[in-house]
Amino acid sequence: MLQADAQPQVYRCSNNHSFDLAREGYLNLLLAQHKRSRNPGDSDEMIRSRQRFLATGHYSPLSDAIVAAVANSGLGFDQTVLDLGCGEGHYMQQLREASNQASAGLKLFGMDISKFAVRLAAKRKIDARLVVDSVYAIPLFENRIDTAVSVFSPISAEETARVLKPGGRLIMVGPGEDHLSGLTALIYQQSLPHRGNYTGLENAQKFRLQEQIEIKQTMVVTGSDILDLLKMTPYYWHSRPEQQELLATLDTLETPIHFYLNIYQNQSN
Ligand SMILES: C[S@@+](CC[C@H](N)C(=O)[O-])C[C@H]1O[C@@H](n2cnc3c(N)ncnc32)[C@H](O)[C@@H]1O
């Protein structure tokens, strides 16, 4: 698909488009004509809030479950994992650390449509191949990936099945019914039904659900982490300035976190 150019920092595709390797070590494959906005995907502010919030460890029950689900594939960490909509790379870092502890040969690939996200992920230096591109056109040949991971991100069933090996697995994380209800109660009059990213797999014949893991706990968030939590979610865009101000002055926020981790097997040959 892509070939290194005579200049080591430049890659070229079969249509003769050239792509520069960024200083941080990722490739931006989004062509201007394929972008719907100047900076698609999550904004720099959202991504930085998410990075700070995830670093607090409030979501560690989720990251532990993702790491365990990858490890329990029968391949351990000797496999190729692709994080679809990887954001700033929090879950890839957890996978890399677990694989290093197991002295395993994990090959990590990550992609996100937000260049801000991929730039921060690249700064983690976790030996991952990283690209800015859309999950609706994954820049990989078919049958390359053992496990695809999608955490609260959009997904294309067709594209994911194409790059997964036959029998490969997709670990998909989305919100449970009560996820962050302590936060949303402060923003919306009525509780909203979450549909998460599972709709992307509806009617997808190529995936068979093998297992569903539910994670439900209460977390207590304090100080500036509360605003970071708001800013890393789409609720930020729905909140009014006075609601944001109220959240900024709260000392503590107690809310359920509620996730479903669905593990699917690729049925394509
Ligand atoms: C809710 S965030 C989740 C990020 C990360 N998986 C995490 O949980 O920390 C959703 C991510 O999907 C990315 N995204 C949105 N549309 C996308 C697309 N078409 N292709 C790739 N990434 C996309 C956004 O930029 C954002 O980083």
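The values are calculated or read from the model by the stated rules, or taken from the named source; none is laboratory data. Everything numeric in this text was worked out from a predicted model, so none of it was measured. Here the Cβ positions follow ideal geometry from the backbone for every residue, glycine too, while neighbour counts run over all protein chains shown.
Key figures for this structure:
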| item | result |
| --- | --- |
| Condition check for residue 171: within 12 Å of the ligand (Cβ to nearest atom), outside any loop (DSSP other than H, G, I, E, B) and either under 16 Å from the mean Cα position of the chain (by Cα) or not basic (Lys, Arg) (or both) | yes |
| Subset of the stretch 209-261 (residues that are of a type in the set (Val, Ile, Thr) and exposed (fewer than 13 other Cβ atoms within 10 Å of the Cβ)) | 218, 220, 222, 249, 252 |
| Options 24, 97; residue that is of a type in the set (D, E, K, R), away from the ligand (no atom under 13 Å from the Cβ) and at pLDDT below 95 | 24 |
| When residues of the stretch 110-131 are limited to those that are closer than 14 Å to residue 153 by Cβ and touching a strand residue (DSSP E or B) at 6+ places or on another chain (Cβ under 7 Å), the one surrounded by the fewest Cβ atoms within 10 Å (Cβ to Cβ) | 113 |
| Residue 19 surrounded by 18 or more Cβ atoms within 10 Å (Cβ to Cβ), in a loop (DSSP other than H, G, I, E, B) and away from the ligand (no atom under 15 Å from the Cβ) | no |
| Test: residue in the stretch 139-158 that is buried (at least 23 other Cβ atoms within 10 Å of the Cβ), without any contact (Cβ under 8 Å) to a residue 60 or more places away in the chain and either within 12 Å of the ligand (Cβ to nearest atom) or under 13 Å from the mean Cα position of the chain (by Cα) (or both) | no |
| Within the stretch 222-269, tally of residues that are among the aliphatic types (A, V, I, L, M), out of contact with any His (no Cβ under 9 Å at 6 or more places or on another chain), over 28 Å from residue 160 (Cβ atoms) and not in a loop (DSSP other than H, G, I, E, B) | 7 |
| Single match in 54, 31 (criterion: at negative phi, surrounded by fewer than 19 Cβ atoms within 10 Å (Cβ to Cβ) and in contact with a His (Cβ under 8 Å, 6 or more places away or on another chain)) | 31 |
| Residue check for residue 197: touching a Pro at 6+ places or on another chain (Cβ under 8 Å) and modelled with pLDDT under 90 | yes |
| Residue tally, condition in a loop (DSSP other than H, G, I, E, B) and near the ligand (Cβ under 10 Å from one of its atoms), over the stretch 31-86 | 9 |
| Within the stretch 234-261, considering residues that are closer than 30 Å to residue 208 by Cα and modelled with pLDDT of 95 or more, the one nearest to the ligand (Cβ to nearest atom) | 259 |
